[in-house]
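Please read the structure below before turning to the comments.
The values are calculated or read from the model by the stated rules, or taken from the named source; none is laboratory data. From a predicted model like this one, the values you see are computed outputs, not experimental measurements. A quick note on method: Cβ atoms are made from the backbone with ideal geometry, for glycine too, and the neighbour counts reach across all protein chains shown. SASA here: full protein model, heavy atoms, side chains in, ligands and nucleic acids out. Shrake-Rupley method; radii C 1.70, N 1.55, O 1.52, S 1.80 Å.
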Amino acid sequence: MKRSLFGRIWPNATAIILFAGLVFPVYWMFSTAFKPTGDIITEKPVWFPTDVTFEHFKTAYHAPDFLKLVGNSLTVTLLAVAFSLIIALFASFALARMRFKGRKGLILVFMIAQMAPWEVMVIAIYMLVRDADMLNSLVPLTLFYMVMVLPFTVLTLRGYVAAVPKELEESAMVDGCTRPQAFVKVILPLLAPGLMATSLFGFITAWNEFPLVLILNKDPEAKTLPLWLSQFQSQFGDDWGATMAAASIFAIPILILFVFLQRKAVSGLTDGAVKG
């Protein structure tokens with residue numbers, strides 16, 4: 001009886017401890033952003049704000065070029081995710097449905113590209129962009145971010161396409177649909193969880209990316225939020241409230257997406273990994 005009780009308690013206790021360890025830094029960041037300065041610089045930690053203030057958010061909001069950099073990050077991230085999804089839809093369908101020479105080798109290439117650290121190519125990327133006279137431009141960032149998330153997107157969607165019975169597609173074609181129409185009307189709606197999962201992954205990857213923009217975009221107006229956040233503390237010194245407010249602003253879009261898409265994203269990652 002004791003062993004059975006212990007067997008039920010320790011997994012839950014471990015999960016609670018891990019959850020608390022992961023959530024606490026996020027809580028501390030947001031709570032510090034709303035604390036008055038006196039609660040932040042005190043010797044004893046203040047676990048809950050004694051008073052809520054929005055002054056730190058005002059400081060972050062009025063930082064130089066803030067709105068411009070928000071627009072840059074959203075533009076680069078959304079375009080990279082959209083382009084990767086469009087390309088991955090066609091590539092995943094070809095890899096899952098068609099049989100052609102070199103198909104398995106192409107799948108292996110996508111897997112290797114997913115595992116390989118792209119940071120080793122930073123120097124080559126810089127030289128390529130420099131020679132093309134496209135430094136301080138959002139176009140190279142968009143293209144390289146798209147390439148970064150494309151292998152994962154293709155492999156995940158391939159699993160979903162392979163899981164859709166061919167008979168559904170064939171029935172639609174018998175009823176008069178062309179193959180593209182059958183894909184749009186039959187297969188595409190069933191890919192919704194996979195699209196959610198890959199979109200969330202792509203958004204997080206592109207939104208958080210730092211080394212590439214640090215190297216390619218030196219112009220203040222061509223930067224994105226990760227680079228702005230890294231330089232924020234140097235601009236405001238030891239204003240930890242403003243720093244935490246800036247970090248909170250940076251994290252809010254990802255948290256919103258995760259809250260709304262978490263269920264479909266988790267099922268999409270799981271199903272896409274085991275099917276096909």
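Determine, from the Cβ-Cβ distance of Ser230 and Glu43 and an R0 of 25 Å, the FRET efficiency 1/(1 + (r/R0)^6), rounded to the nearest 0.05.
Details: r = 28 Å, r/R0 = 1.13.
Efficiency computed from Cβ-Cβ geometry: 0.35.
Can you give the three extents of the C-alpha atoms in the stretch 88-179 along their principal axes, from longest to shortest, in whole Å?
Projected onto the principal axes, the Cα atoms of the stretch 88-179 cover 53, 25, 21 Å.
Show me the three semi-axes of the equivalent ellipsoid for the stretch 62-130, from the C-alpha gyration tensor (sqrt of 5 times each eigenvalue), largest first, rounded to whole Å.
Numbers: eigenvalues 221, 68, 17 Å².
So the equivalent ellipsoid measures 33, 18, 9 Å along its semi-axes.
With a cut-off of 8 Å between alpha carbons and a minimum separation of six or more residues, what is the relative contact order of the chain in percent?
Values: 288 pairs, mean separation 81.7, N = 276.
With pairs under 8 Å counted, the relative contact order is 30 percent.
What residue among Ile86, Ile41, Ile16 shows peak mean-square fluctuation when the chain is described by a Gaussian network model with Cα springs under 10 Å?
Ile16
For the stretch 165-241, just run the numbers: alpha carbon Rg, then divide by 2.2 N^0.38 Å, N being how many residues it has. Could the numbers behind the result be given before it?
Details: Rg = 22.7 Å, N = 77, 2.2 N^0.38 = 11.5 Å.
Against the empirical 2.2 N^0.38 Å value, I get 1.98 for the stretch 165-241.
Could you sort the peptides 44-52, 142-150 by per-residue average Cβ neighbour count (10 Å cutoff), highest mean leading? All intermediate terms of the calculation are to be shown ahead of the outcome.
Working: 44-52: 9.9, 142-150: 20.9.
So the peptides 44-52, 142-150, ranked by packing, come out 142-150, 44-52.
In terms of solvent-accessible area of protein heavy atoms at a 1.4 angstrom probe, what is the ranking of His62, His56, highest value first?
Numbers: His62 140, His56 15 Å².
Largest to smallest exposure gives the sequence His62, His56.
Residue by residue through the stretch 51-63, what is 3J(HN,Hα) from phi via Karplus (6.51 cos²θ - 1.76 cosθ + 1.60, θ = phi - 60°)? Round to whole Hz and write x for glycine and proline.
The phi angles translate into 8, 8, 10, 10, 4, 5, 5, 5, 4, 5, 5, 8, 5 Hz.
Calculate, in whole percent, how much of the Cα-Cα pair population of the stretch 7-126 lies beyond 20 Å. Working shown, then result.
Numbers: 5236 of 7140 pairs.
Here the long-distance tail beyond 20 Å is 73 percent of all Cα pairs in the stretch 7-126.
According to the Cα gyration tensor, what semi-axes, each the square root of 5 times an eigenvalue, does the equivalent ellipsoid of the chain have, listed from largest to smallest in whole Å?
Details: eigenvalues 316, 165, 57 Å².
Equivalent ellipsoid of the chain: 40, 29, 17 Å, largest first.
Working out 0.36 nm times the residue gap between Val259 and Leu22, then minus their Cα-Cα distance, what length gain in nm do you get to one decimal?
Working: separation 237, 0.36 × 237 = 85.32 nm, distance 1.59 nm.
Additional length available on full extension: 83.7 nm.
Quick one: the Cα spread of the stretch 135-206 along its three principal axes, in angstroms, biggest first?
52, 19, 15 Å, listed from the longest principal axis down.
Compute, for Arg158, the solvent-accessible surface of its heavy atoms (probe 1.4 Å) with the complete set of protein chains present, and express it in square angstrom to the nearest 10.
Estimated to the nearest 10 Å², Arg158 gives 40 Å².
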